[in-house]
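This report concerns only the one structure given below.
Quick note: the coordinates plus some simple rules give every number you see, no bench work behind them. Predicted model only: the values in this text are computed from it and were never measured. Cβ: placed from backbone, ideal geometry, glycine included. Neighbour counts: every protein chain shown.
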Amino acid sequence: MSTENILIATHQGKRWEMEDRAFAFVFPTHDLRSPELDLKDFFEAAHNATESHESGAVLTALFYHAATHSATVAQLGDCRAYVSSENGKGGMQSKRLGVSHTPILKSEKKTLLERGGKLNETETMVLSDDAHAEVGVTRALGDHRFSSLSRVPDIFSEACGALPRPFYLIAMTNGFFIGGRPKITRYDTTFLQMSWDENPVKAMAQTCLVQSKGMDNMACAVTKIDHDFDHDVLMLVVDGHNGAQAADTIIATAREFCLSRYTNGVEVLEHRPQ
């Protein structure tokens, strides 16, 4: 099965251990498949596999279902998902799918406090149960010292049938950006306007590395949906913290989950930008 329409990449930052991971699995489409139920089952399996881990991870999974021309996203934490397409004016338009689960979001802060969670003085970080550690998200897997974190992802679908082809489905960890931040070169103009043959993942990674001075770990997965693409794809990005054990366990769980559930599928091998 061809994997030419799917690219994944990671970058080892200069400051921390490499904790970000990317994974993609492509397989024949089936009109009876339920992406929502599949993603719910996967997140439950990943939670069960990591609940005793001291390290933690946030993640976003994006399931493209070719039979219904829809993208289903399951998000836990502050990894991002986008759908991008041509805007009819020679450029690209990008729509973010979902929100970041951080204490800055009022609804996330409210539910965290209702679960007995505690925040630091600036109310931007969640404290561990013993107040000796902190994380910047309200939802994550692993992190057994943070009992107030939610382990339940937001799951929702986005109709893509009316989009002009080709369009792009993108999942990324912190470090990659699509606009919305000052002094960050726009992702859609530096990446998506390039031809696919020019290796857009590498171009996007290089642009973001310049802006971040190469300090942050990053991972992304991109699928180009053109007229000839008729497969299903599950893309996953994982941003680990306090060690890589949880991130590695989640990727291993994803691999086992896909191989057992989706017949005749194949894992997409990683491309690392130089």
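Explain nothing, just compute: Karplus ³J(HN,Hα) = 6.51 cos²θ - 1.76 cosθ + 1.60, θ = phi - 60°, for every residue of the stretch 51-60 in order, whole Hz, x for Gly and Pro.
3J(HN,Hα) across the stretch 51-60, in whole Hz: 5, 9, 6, 6, 6, x, 7, 10, 7, 9.
Using the Karplus curve 6.51 cos²θ - 1.76 cosθ + 1.60 with θ = phi - 60°, what ³J(HN,Hα) values do you get for each residue of the stretch 159-165, in whole Hz, with x for Gly and Pro?
Calculated HN-Hα couplings, in order: 6, 10, x, 8, 6, x, 9 Hz.
Quick check: the distance between the Cα centres of the stretch 100-139 and the stretch 13-56, to the nearest angstrom?
Cα centres, the stretch 100-139 to the stretch 13-56: 23 Å.
Per residue of the stretch 20-31, in order, report the coupling 6.51 cos²θ - 1.76 cosθ + 1.60 (Karplus, θ = phi - 60°) as ³J(HN,Hα) in whole Hz, putting x for Gly and Pro.
With coefficients 6.51, -1.76 and 1.60, one gets 8, 9, 9, 8, 8, 9, 10, 7, x, 6, 8, 6 Hz.
Where the only charges are on Cβ atoms (+1 Lys, Arg; -1 Asp, Glu), what is the dipole of the stretch 72-143 about its Cα centre, to the nearest 20 debye?
500 debye
Using amide H atoms built in the peptide plane, which far-off residues or other-chain residues are under 5 Å from Asp20 H to H?
Gly240
Using the Cα atoms as the points, what is the convex hull volume per residue of the stretch 57-161 in Å³? Walk me through the numbers on the way to the answer.
Numbers: hull volume 12.3 nm³, N = 105.
It is 117 Å³ per residue.
GluC sites (Glu not before Pro) within the stretch 1-108: which are DSSP loop residues with at most 11 other Cβ atoms inside 10 Å?
Counting only loop positions with at most 11 other Cβ atoms within 10 Å, the GluC sites (Glu not before Pro) in the stretch 1-108 are Glu4.
How many nm is it between the label spots at His132 and Lys106, if each spot is 7 Å from the Cα in line with the beta carbon?
3.7 nm
For the stretch 112-161, what class follows from the C-alpha gyration tensor (a ≥ b ≥ c being the square roots of its eigenvalues): rounded when a/c is under 1.5, otherwise prolate if a/b is larger than b/c, else oblate?
Taking the square roots of the gyration eigenvalues as a ≥ b ≥ c, the stretch 112-161 is prolate.
Can you give the FRET efficiency for Glu54 and Lys95, using 1/(1 + (r/R0)^6), R0 = 41 Å, r = Cβ-Cβ distance, to the nearest 0.05?
My answer for the efficiency is 0.70.
If the label point is 7 Å along Cα→Cβ of Ala45, which residues in the stretch 213-257 have backbone nitrogen under 19 Å from it?
The answer is 232-239, 246-257, whose backbone nitrogens lie closer than 19 Å to the label point.
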